[in-house]
Every structure is written in structure tokens, then in C-alpha cells.
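Trainee: First, the structure itself, so that you have it in front of you.
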Amino acid sequence: MQIRLTTHLKQHGSTLVEVMVTLVTLGMLAVSVAGTLRLTRLSAANLEERAVLQQFGLRYAESIKALAFREIKPGYLLNRLYDGEQLPAIRLPKPGEVIDLTSPDYLLFHPALQALVNQRPSLQVEYTHQEHTVEVQIFLSWQPRFASSQTNHLHFALFRSIEL
């Protein structure tokens, strides 16, 4: 009679292949999460920039809307209430003139533009005068924070008729 001594050692753990597969899977997950976070940041920054310029455009259009019909012409002081002495002197630009919105007067007129100083925001206004009507088109453009070769645009149109 022979006695056999066998020990069954049960090993607990993972093989090297299982560990490598797990690490690769976790790495792919981390890369996809990082990409998603980057896209979310880009989208949020673009929405913030657009919101600031939409607010400016609406305020600018409302200021033009408050003018009398005969006052809607290039060179007219848009914020005549302030008279340009201590507060910004914002004048209606000439057709085709490109205005830098990072100038001190525009930053005082709409302080939220400070967030876009590096995006080179600009303003251009076109006028179409008829005998009893005027159409004012406001074009805003800027370079997005994370896309230097791209330019974003906003357009506002305002139509006024003479007060009879």
C-alpha cells in the first residue's frame, strides 16, 4: 500500500495576460473620458463667448432702437445720455468700418467683453437708407478660444421707419 501525498494548492490571483487586458481596457476608458471632458470644455467656452457677444449685440441694437429716425447715421453718438465725458463715447461707425470691441470705450460700455479680449471681437455696421425707412445690420465676429484658424459670427438686423 502506497500513500500518496498530494496537495492541491489553489492559487488565487490573475495571470499576466488578464492584468494586461484590464489595464488596456482602463486606459481606453480614461482616454475616452479625457476626450469627452475636452469637448465639453470647448463647447462651454464657445457658448460663453457667444452669450457675451449676443448680450452686447442686443444692448447695441437696443441703443440704436432708442435713437430717433434722423439720428441713425454714421458718427452719431449712440449713448448720448452720457455725452461721452466720463463714460464711453460709442459712435455709430461708418459703413464697412471694423471696430475693435476691446477698446476702452467698448469695455466700459459692456464690461463682459473683457472675457473676450484675446479673441479679437469686432463690430461692423451696415446701413440701408430709404426715404422713410432705415435698415441697420450689425455684424459681430471673434476667434474662438480653442480654434485659432476659425472665426465665429453673429448677425443682428434692425428695421426702423420714420415716425409720422
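Trainee: Any idea how far apart L107 and L29 come out in nm if each label point goes 7 Å out from Cα toward Cβ?
Mentor: According to this spin-label approximation, the distance is 4.7 nm.
Trainee: Okay, moving on. Rank G75, G35, G27 by mean-square fluctuation in a GNM of the chain with C-alpha springs under 10 angstrom and give only the top-ranked residue.
Mentor: G27
Trainee: For R91, list long-range residues whose amide hydrogen, built 1.01 Å from N in the peptide plane, is under 5 Å from its own amide hydrogen.
Mentor: For R91, the qualifying residues are L78.
Trainee: In addition: Spelling out what I want: for every residue of segment 109-125, take phi, set θ = phi - 60°, compute 6.51 cos²θ - 1.76 cosθ + 1.60 (Karplus), and round to whole Hz; glycine and proline get x.
Mentor: 5, 9, x, 5, 5, 4, 5, 10, 3, 7, 8, 6, x, 9, 10, 9, 10
Trainee: Related question: Using a simple spin-label model with points 7 Å from Cα along the Cα→Cβ vector, what separation in nm is obtained for Y76 and L158?
Mentor: Using points 7 Å along Cα→Cβ, the separation is 0.9 nm.
Trainee: State the label only: which of (1) 28.2, 90; (2) 30.7, 125; (3) 21.5, 83 corresponds to Rg and Dmax of the Cα atoms in Å computed from the shown model?
Mentor: (2)
Trainee: Relative to the first principal axis of the alpha-carbon coordinates of the chain, what is the inclination of helix 16-65, with its axis defined by its Cα atoms, in degrees from 0 to 90 and to the nearest 10?
Mentor: 10
Trainee: If each DSSP helix of 4+ residues adds -39,500 (n - 2.57) and the sum is divided by the residues in the chain, what number results at 222 nm, nearest 500 deg cm²/dmol? Intermediate results must be reported in sequence, preceding the final value.
Mentor: Working: 2 runs with 56 residues, N = 164.
So the helix-based figure for the chain works out to -12000 deg cm²/dmol.
Trainee: Excluding Q55 itself, what net charge comes from residues whose Cβ is under 14 Å from its Cβ, given Lys and Arg +1 and Asp and Glu -1?
Mentor: Values: positive: R50, R59; negative: E48, E49, E62.
With Lys, Arg at +1 and Asp, Glu at -1, the neighbours total -1.
Trainee: So how much slack lies between A89 and A66, counting 0.36 nm per residue of separation and subtracting their Cα-Cα distance, in nm? Let's see the in-between values first.
Mentor: On the way: separation 23, 0.36 × 23 = 8.28 nm, distance 1.61 nm.
Full extension of this stretch gives 6.7 nm more.
Trainee: Work out the charge dipole of the chain with +1 on the Cβ of Lys and Arg and -1 on the Cβ of Asp and Glu about the Cα centre, then indicate which of G96, L29, L107 is farthest towards its positive end.
Mentor: So the residue furthest toward the plus end is L29.
Trainee: Using a Förster distance of 45 Å, how high is the FRET efficiency between T36 and E126, based on the Cβ-Cβ distance and rounded to 0.05?
Mentor: Working: r = 41 Å, r/R0 = 0.91.
With a Förster radius of 45 Å, E is 0.65.
Here, each number is a calculation from the coordinates, and none is a lab measurement. Small disclaimer: the values here were computed from a predicted structure and weren't measured. For neighbour counting, all protein chains shown are included, and Cβ atoms are generated from backbone atoms with ideal geometry for every residue, glycine included.
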